[in-house]
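Contents: one structure, followed by commentary.
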Amino acid sequence: MNNKISIVIRTYNEIKHIKEVLESLERQTYRNFDIVVVDSGSDDGTLDIVKNYKVSLVSIDKNDFNYSYASNVGVANSDGNIVCFLSGHSVPAYSTYLEEINNVFSQSNIGAIYGDVIALADGSFHEKLYNYLGYLKNNILGSKNKMQLESKIHPGIFSCSNAAARKELLNRHPFQEELGQGGEDIEVAYRIIQDGYFIAKTPHILVKHSHGVNFRQFLKQLQDWKKMYSNVLNYIDGEKHCN
C-alpha cells in the first residue's frame, strides 16, 4: 500500500519550532506526501521560514480561526487519501513516522490513528513529567511495539496534534465549528467509530509537543481538557436526541 499522505499543519506565530517540524518531515523515510500549512496571520517570521520548504500555504483570517475551521480548510486543500494533522510545534520523533502511518492504513478496518506526545526540549517540567509518565504508562500496560484498536471515545483520542485519518471519512464527517475551541477531534473520532471503523493507537506515532506553560497554567489546562470532554459528550448526546 502506497498511500498519498497530506500533512496539515495549523500555524500562528510558530517561529520557535516550525523549522524543526518541517526539517523532521524532510528526513522521513516515506516520501509519498505533501504538506499543507494553514496559517492564521502569523507576523513573527513563521512564513519566512515556511516559504523555504515545499509546502502549499493557505492563509486564513486570524479572526476566522478556530481549530475546526482551520482543519477543514486543510482537508479541503489536501491531495492525499490520508490526512495527517500536526501543529506548528508538533515534531515527529522518528524518521519512520509517515512510514508507520502508511503501514497502519493497510488495514481496511482502521479509519484513523493517533499517538502519544512527549514534551519538547523547552517544555516546562510539569509538561515533561506529565507527558512522559503517560507515555511510560502506555508502555507498561503492554502497548510497547503494539497497536491498540479502540472502539470507544475517551479524552485524548485522535488528538490532532498527532493524528491521521482517511480523507473520505473527514469529508463525510468534517470538524464541527461549534466545537472549534477544542474537542472537535474527539467528535470526529466518535463519527468514525459509528461508521464501523477502529481508531488505532501505536507507540510509533510519536511527536514532541508542548507549550512551555507554568504550573498554574498547566493546572488550568488540565481543567479545561476535562470541561472540553464534557462539552463534547453533551454535544454528541444532543445530536442523538435531534436525530
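The values are calculated or read from the model by the stated rules, or taken from the named source; none is laboratory data. Keep in mind that what you see is a predicted model, and the values were worked out from it rather than measured. Here Cβ is always computed from backbone atoms with ideal geometry, including for glycine, and neighbour counts include all displayed protein chains. Keep in mind that these areas ignore ligands, DNA and RNA; they rest on the heavy atoms of the full protein, side chains included. Shrake-Rupley method; radii C 1.70, N 1.55, O 1.52, S 1.80 Å.
Filtering the range 1-29 down to residues that are assigned to a loop (DSSP other than H, G, I, E, B) and aliphatic (A, V, I, L, M), which residue is surrounded by the fewest Cβ atoms within 10 Å (Cβ to Cβ)?
My answer is 1.
Where residues in the range 66-88 are open to solvent by 10 Å² or more (accessible area, probe 1.4 Å) and in contact with a Gly (Cβ under 9 Å, 6 or more places away or on another chain), which of them is nearest to residue 203 (Cα to Cα)?
67
Just to be sure I understand, how many residues within the range 53-65 are at pLDDT below 95 and either in a strand (DSSP E or B) or buried (at least 19 other Cβ atoms within 10 Å of the Cβ) (or both)?
Final tally of qualifying residues: 0.
Can you tell me which residue within the range 194-213, out of those that are part of a strand (DSSP E or B) and closer than 14 Å to residue 91 by Cβ, is least open to solvent (accessible area, probe 1.4 Å)?
207
Can you name the residue in the range 75-124 that is in contact with a helix residue (DSSP H, G or I) (Cβ under 7 Å, 6 or more places away or on another chain), modelled with pLDDT under 95 and among the aliphatic types (A, V, I, L, M) and, of all such residues, is farthest from residue 169 (Cα to Cα)?
119
Taking residue 171 and the conditions (1) surrounded by fewer than 19 Cβ atoms within 10 Å (Cβ to Cβ); (2) part of a loop (DSSP other than H, G, I, E, B), which numbered condition does it fall short on, given that it satisfies the others?
Only one criterion in (1) surrounded by fewer than 19 Cβ atoms within 10 Å (Cβ to Cβ); (2) part of a loop (DSSP other than H, G, I, E, B) is unmet by residue 171, namely (2).
Within the range 81-123, can you find the residues that are β-branched (Val, Ile, Thr) and not in a strand (DSSP E or B)?
Hits for the range 81-123 are 96, 101, 104.
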